[in-house]
Amino acid sequence: MNTISTILVIVLLILFSAFFSASETAFSSLNKTRLKDMSEKGSKGAAKALALSEKYDRLLSTILIGNNIVNIAAASLATVLFVKLLNFGDSLGTTLSTVVLTVAVLIFGEISPKTIAKESPERFAIVATPFIRFFMLLLFPLVALFSLWKKLLSLVFKNGESRTLTQDELLLLVEEVAEEGGIDEEEGKLLHNALEFTDRNVEGILTPRVELEAVSTEATKEEIASVFTDTRYSRILVYRENIDNIVGVIHQKDFYTGTGVSEKTLEELMTEPVFVPKSMKISVLLRMLQKSQSHIAVVGDDYGGTLGIVTMEDILEELVGEIWDEHDEVVETITKIDENTYRVDGGVNWYEFCETFGIDSDEDNTLTGWVMSKLGAVPNEGDSFVDGNLSVTLLLTDERRVAKAQITILPDEDEDEGEDKPFKLFKKSDDED
C-alpha cells in the first residue's frame, strides 16, 4: 500500500471513529418521549431509532467494538506510515505517530462529533440507525460474545438497587423541564401536584372544626334555610347534641323542592356521612368518595371527635389549584407587602406556605399548628417570635386559631458553621392592648 492510500485509509478510519462516537452520544442522550411523539406523527425513521434504542446493550456493544477496531487499525497504519516516512528510528516514529493520531482522534473522532451529536441527538440517531443496524449484523459474533461476558459480570457484581425513577427524581425532572421552557409554569405546577398527590394526608387539607357550618337535629327548617342562605353552601352538616357527633349531611337540592322547602323530615332529608381518619391519604379518600357518591368526608380526631371536614373540591384543588365559583370571595392566602414582608391568611395551604418560606417539613400541618408548636401555647393576637430567618407576628386570632399573621424574612447573618439559628419568643403581656 503506497503512502497516499495509507493516508486515505487512516482518514476513513477516523471518520468511522467519529461516526461511532457521535452515535454513542446520540443514543445515550436522546429523548425517547420525543422520538415516540415523532413516530406517532408518522416518522418511520423515528420509529426505527426508537426500536433500536430499546436494544441499548447490543447497540452499545456494537458501537464500542466498532470504535475500538477502527481506532486500533488507524493507530497501526499511522505507526507504519511514520516509521516508513521518517528516518528517526522505530522508537521515535512510533512516538510521533501516537502523538499525532491521538490529537487527530481526540479532535475529529471524539470531541467534535460528540459535540455535534449532543446538539440534536434525536435527528442524528434517526440518520445513524440504518448504519448501526448494518454493523450490528456485521459484528454479531463479537457482540454476542461480549453480551455473554456482560451477563457473567452482572451475576458476579449484582447490584440490588432499583433503576426505576423515584418520585423525588421525577419531581426534579419536572423542575428541570420547566426551567428549560419545555412546559410552562402552570403545567409544571400541575405535574408537581400530581406527583405529590399520593403522599398527602387528609389532615393537611381539611377545613378545621372551628370553621364548620352545621345545624342541630333540633333545628327548625327556617333555621336550616337561613344557614343555606347565609353560607351559600350546597351541603350542610347535621349534628346531635354537639359538633363531635355528626349524624348526617343535608343537600340543598333535597331540602328545597320546586315550590319551596321540602315537607320531608330532617331525618328523611339527611344522607349518611363518610367518616375517615386524619392519616388517610387523599388519593384513597378520593376513590372512597367516588365509590360512595359522596361529596364530604368528616375527619375524626384521636378521641373520636370531629377534627374537620374534607370536600371533593378540597381534593381537586390539590391537583389544579384554587377553584372559585361565582359565590366565592377570592382570598389571597399569601399577600406580598414588600420585598421581605408577607401577610398570611390562617387557612393557607400548608405546602404552599412551606414552599414560600423555605420551611423543610414532610408532615402535614396547618399554620395554627405550626405557630402553636413554636409558641408552646395557645396563640393570641399580638404574639410574635423569630424562628430561623422568619419573624412571625400574629395580627388576628379567632377562637384559638391564627386568622392572620405577618411574616418577615430576615437577612442572613454570619453565623458559626453548624450553629443553629436562634428561636426567640415574644409573648404579648396581659396589660398590652
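The values are calculated or read from the model by the stated rules, or taken from the named source; none is laboratory data. Note that this is a predicted model, so its numbers are computed, not measured. FYI the Cβ positions are ideal-geometry reconstructions off the backbone, even for glycines, and counts take in every protein chain you see. These accessible areas exclude ligands, DNA and RNA; they are computed on the full protein's heavy atoms, side chains included. Shrake-Rupley method; radii C 1.70, N 1.55, O 1.52, S 1.80 Å.
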| note | Result of the Cβ filter at 6 Å on region 141-158, keeping first residues that are of a type outside the set (Lys, Arg) and partners that are surrounded by 10 or more Cβ atoms within 10 Å (Cβ to Cβ) and assigned to a helix (DSSP H, G or I), at least 6 apart or interchain, is 142/65; 143/58; 143/61; 143/62; 146/61
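Before we move on, is residue 155 assigned to a helix (DSSP H, G or I), within 39 Å of the chain's Cα centre (by Cα) and more than 26 Å from residue 26 (Cα to Cα)? I'd like the intermediate steps shown before the answer.
Numbers: assigned to a helix (DSSP H, G or I): yes; within 39 Å of the chain's Cα centre (by Cα): yes; more than 26 Å from residue 26 (Cα to Cα): yes.
Here the answer is yes, as residue 155 does meet what is asked.
Working only within region 9-58, note down all residues that are of a type in the set (Asp, Glu) and modelled with pLDDT under 90.
At the first step, the residues of region 9-58 found to be of a type in the set (Asp, Glu) are 24, 37, 40, 54, 57.
Listed by number, the residues that qualify are 37, 40, 54, 57.
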| If the Cβ limit is 8 Å and pairs must be 6+ apart or interchain, which residue in region 383-406 that is over 19 Å from residue 337 (Cβ atoms) and touching a residue at least 12 places away in the same chain (Cβ under 8 Å) pairs with which residue that is among the small types (Gly, Ala, Ser) and in a loop (DSSP other than H, G, I, E, B)? | 398/346; 401/346
| note | Every listed condition ((1) open to solvent by 40 Å² or more (accessible area, probe 1.4 Å); (2) free of Cβ contacts under 8 Å to residues at least 60 places away in the same chain) holds for residue 216 save (1)
| task | Sort out which residues of region 247-268 are surrounded by 18 or more Cβ atoms within 10 Å (Cβ to Cβ) and over 41 Å from the mean Cα position of the chain (by Cα), and write them in order of number. | result | 255, 266
| Residue within region 158-170 that is over 26 Å from residue 16 (Cβ atoms), modelled with pLDDT under 75 and surrounded by 13 or more Cβ atoms within 10 Å (Cβ to Cβ) present | yes
| task | Return the only residue of 412, 416, 387, 383 being more than 20 Å from residue 347 (Cα to Cα) and modelled with pLDDT of 75 or more. | result | 387
| message | With the structure loaded, tell me whether residue 356 is modelled with pLDDT of 80 or more and either part of a strand (DSSP E or B) or under 30 Å from residue 249 (Cα atoms) (or both) or whether it fails that test. | response | no
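Within region 1-14, restricting attention to residues that are open to solvent by 70 Å² or more (accessible area, probe 1.4 Å), free of Cβ contacts under 8 Å to residues at least 60 places away in the same chain and part of a helix (DSSP H, G or I), which residue is nearest to residue 127 (Cα to Cα)?
The first filter runs over region 1-14 and keeps only residues open to solvent by 70 Å² or more (accessible area, probe 1.4 Å), leaving 1-2, 4, 7-8, 11-12.
When the remaining residues are screened for being free of Cβ contacts under 8 Å to residues at least 60 places away in the same chain, the result is 1-2, 4, 8, 11-12.
When the remaining residues are screened for being part of a helix (DSSP H, G or I), the result is 4, 8, 11-12.
Details: 4: 30, 8: 24, 11: 21, 12: 19 Å.
Step by step, filter region 1-14, then rank; the result is 12.
List the helices (runs of 4 or more DSSP H) that sit entirely inside region 180-279 and contain at least 1 residues that are modelled with pLDDT under 90 and among the polar types (S, T, N, Q).
Working: elements: 185-196, 221-231, 252-255, 266-269.
Ranges flagged: 185-196, 221-231, 252-255.
Tell me which residues, restricted to region 338-348, are open to solvent by less than 40 Å² (accessible area, probe 1.4 Å), in contact (Cβ under 8 Å) with a residue 60 or more places away in the chain and within 25 Å of residue 315 (Cα to Cα).
Filtering region 338-348 for residues open to solvent by less than 40 Å² (accessible area, probe 1.4 Å) gives 341-342, 344-346, 348.
Subset that is in contact (Cβ under 8 Å) with a residue 60 or more places away in the chain: 341-342, 344.
Selection gives 344 alone.
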